[in-house]
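K.L.:
What follows is a structure written as structure tokens; I'll ask about it next.
What follows is calculated from the coordinates using simple rules that are stated; it is not laboratory data. Since this is a predicted model, take the numbers as computed values, not measurements. Ideal geometry is used to build each Cβ from the backbone, glycine not excepted, and the neighbour counts take in all protein chains shown.
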Amino acid sequence: MAESDGIEEAMEGQLRILVTAASQVGQMMTRLREEALRRAREHSIQEHRELQSRLDAERAAARAELSNVHQPDWWDRATPEQIGHSYQVARGWAGEDQEAARAEQRMRDELQSRYAIDVNNTGADPSSVQQMVRLQMERAERDLASAAEERHRAATEEAEAARLMADANQAEQAAENARAIASEPGHDSEAFIADAELREREASRYREDSQNTYDSSQRRDATAASLERQGISEQAIGARMRSDVSNAKPATEAARNGAAKKTSAKARPSRGRGAQVQRAGLER
């Protein structure tokens, strides 16, 4: 029994840190997103429109992820890292999206009833929280660097696909010309027909290569988008690089005071899931 309590306490301590860090990162995301939109609007209407379109896609992805938090079986299976990440997403969009706000409130209720964690006063160690915030931002920067590389490769492949399609069109036109000449009297029709068939095979090969290359570029774009959606937006990271995350203010009074609370045994409801104590981090 004592061993079980020790595991539960360790897991809850980890969850307190994760939830507090998630709240900070979520608030940071909101501020940086607003700053990015303001800068884009000041720069040009087109840039603002493109940024808004990307953010709309991120919000749609956030809604899809947050739909899980309304399912009791998700809570039964979720690890502390998964809970922390979902709370970060909910916190980051709650001010702009009703579904995210509803998800945040549901998570607050579940964290209180299942773990006796008050998200406004988690009692998490402030130094551990700040370390967690740094790790999350650094991980997001790595993801976005990979995303940028994928997008560059996608653009290169898309250009190559367009070139191959142009070659295919040119070969098809040459085949049509050869067949037209073959049908005219006084020409070696067999030679022109053979040339037309050769050109048609070339066109078919070019089109196939173009389609394969284009498909590859689309997969790279999808990979990049997935990386960019994993926690923090590209615009938020760009602003993060201009400021030191160590200056971020803790989200709770408990973090500011360095208070650390332990949940009492009777306040800790039993849980029917096999979550393991894992290395603290907002893993995805």
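K.L.:
Taking only the Cα atoms of segment 116-168, how large is their convex hull per residue, in Å³?
P.N.:
About 95 Å³ per residue, rounded to a whole number.
K.L.:
Test of the criteria: in segment 54-114, which GluC sites (Glu not before Pro) are in a DSSP loop and have at most 14 other Cβ atoms within 10 angstrom of their Cβ?
P.N.:
Passing sites in segment 54-114 are E96.
K.L.:
Separate question: Quick one: divide the alpha-carbon radius of gyration of segment 148-229 by 2.2 N^0.38 Å and tell me what you get.
P.N.:
Numbers: Rg = 18.4 Å, N = 82, 2.2 N^0.38 = 11.7 Å.
It is 1.57.
K.L.:
Shifting gears a bit: P(r) of segment 2-68 in 10 Å steps, Cα pairs, percent per bin?
P.N.:
18, 29, 25, 15, 8, 4, 0
K.L.:
Let me ask something else. Using every Cα-Cα pair within segment 31-95, state what percent have a distance larger than 13 Å. Don't skip to the end; give the middle numbers.
P.N.:
Numbers: 1425 of 2080 pairs.
When all Cα pairs of segment 31-95 are counted, 69 percent exceed 13 Å.
K.L.:
Expressed in nm², what is the orientationally averaged projection area of the convex hull enclosing the Cα positions of segment 81-180?
P.N.:
Taking the Cα atoms of segment 81-180, their convex hull projects to 11.1 nm² on average.
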